[in-house]
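Working notes for the structure below.
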Amino acid sequence: MLLLLVDGFNLLYRLKGKENIPESYIEYLANISKKLSIHKILVCWEGENSTKKKRYLNNSYKSGKRAINHDIIEDPYAVLNKIKHILEILNIPQFEIPYCEADDVIARLVHLFDKKNEIIIFSNDGDFKQLIGDGVSLYSGKSTITRDSFREIHWGLLPENYLILKAITGDVSDNIKPLIYISKDRIIKELPVLKQYKISIEEFIKYIAEQQDTNKIAKKTYNKRERLLSNYFIMDLGADAITLRLSDNNKKMIDFILYNHSPCNLYGESIRHEFNMMGIFTQNGYEEFQNYFVWKAEKVIPLFMRLSKGAI
């Protein structure tokens, strides 16, 4: 099955200036579905307080940004509600999880779906490049980036290591400052491990520690390793956390979304009611679906403690 995971607000902002945005939204999805031969569409929205928890690591993260920009779309809340209502009527599942950004939810869905499904993420947000892999590609609306084309574009970099590169170079749009002001191609050239095999952030810090005496970029990066970790976990979409949280409830929920054909409301507070009524998605299951940040706390805090003690 070919699945299309849509970054809901990303598409919404592309339609600024259109006379009938809800109609244009659905038409856009229909055209993509036909062009790419999509079997199932899922739309993900920013949840309430979506950036709050990441600001614990960086209080300037996405400061000044709003999920809905009144300067771009007139009466955006009315437009958004119309779009959600139409998608519901069309039986297109929608996810809007409190305290989660749309890209975090999409990352969770990518790793909750069975590997037999091929997945296309629809967005022009570069953060999704870290999810590219076997069976997972990124479609911007103009072009598709696969695992192979990603490596061609990024000087041989493995997509699994893209997040480490981004942690070094930062993200101006999200107010995440770079560690060093050096081009991406030079960083990849000077730190070839990023092209050779998948490496964890902890292993990478050990690597640059070993290289710092003979490699200036490794030394500069190692000297700012605490901020490297901070940047990494802010931009991490939590892919590795998902497989650890794949309970029977989650499996049943995913099967329902993929193969159920009756109209249902899957966004906002109603998601609890819908699955509770079916007896397959309990309150604990709903909370489990949000424990991405619990995982982050378990992973981030020990790493920072070890870093402060000079263990890495």
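Summary of computed values
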| read-out | value |
| --- | --- |
| Any hit, segment 1-12, residues being at pLDDT 90 or above and either more than 22 Å from PHE122 (Cα to Cα) or surrounded by fewer than 18 Cβ atoms within 10 Å (Cβ to Cβ) (or both) | yes |
| Evaluation of SER137 against (1) outside the structural domain of ASN10 (by TED's automatic domain parsing); (2) modelled with pLDDT of 95 or more; (3) outside any helix (DSSP H, G or I) (one fails), failing number | (1) |
| Filtered residues of segment 189-204 (kept if without any contact (Cβ under 8 Å) to a residue 60 or more places away in the chain and surrounded by fewer than 20 Cβ atoms within 10 Å (Cβ to Cβ)) | LYS189, GLU190, PRO192, VAL193, LYS195, GLN196, TYR197, LYS198, ILE199, SER200, GLU203 |
| Residue in segment 19-39 that is surrounded by fewer than 19 Cβ atoms within 10 Å (Cβ to Cβ), within 20 Å of PHE128 (Cα to Cα) and of a type in the set (Lys, Arg) present | no |
| Matching entry among LEU112, LEU131 (being more than 19 Å from SER33 (Cβ to Cβ), in contact (Cβ under 8 Å) with a residue 40 or more places away in the chain, crowded, with 20+ Cβ neighbours inside 10 Å and in the same structural domain as LEU29 (by TED's automatic domain parsing)) | LEU131 |
| Residue that is nearest to SER200 (Cα to Cα), among those in segment 164-175 that are crowded, with 21+ Cβ neighbours inside 10 Å and among the hydrophobic types (A, V, I, L, M, F, W, C) | ILE164 |
| Residue match in segment 70-92 (condition: farther than 23 Å from GLY17 by Cα, out of contact with any helix residue (DSSP H, G or I) (no Cβ under 9 Å at 6 or more places or on another chain) and assigned to a helix (DSSP H, G or I)) | yes |
| Single residue of ILE180, ILE168, ILE217 found to be over 25 Å from GLY133 (Cα atoms) and part of a helix (DSSP H, G or I) | ILE217 |
| Search result, residues across segment 188-202 that are in a helix (DSSP H, G or I), out of contact with any Gly (no Cβ under 8 Å at 6 or more places or on another chain) and modelled with pLDDT of 95 or more | LYS189, GLU190, VAL193, LEU194, GLN196 |
| Exclusive hit being out of contact with any Asp or Glu (no Cβ under 8 Å at 6 or more places or on another chain) and assigned to a strand (DSSP E or B), set LEU5, LEU12, LEU29 | LEU5 |
| Flag if GLY47 is of a type outside the set (Val, Ile, Thr) and at pLDDT 65 or above | yes |
| So LEU157, is it at pLDDT 90 or above, assigned to a loop (DSSP other than H, G, I, E, B) and farther than 18 Å from GLY47 by Cα | yes |
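The values are calculated or read from the model by the stated rules, or taken from the named source; none is laboratory data. Quantities reported herein were computed from a predicted structural model and do not represent experimental measurements. Quick reminder, even Gly has a Cβ in these numbers, built from the backbone with ideal geometry, and neighbours come from all protein chains shown.
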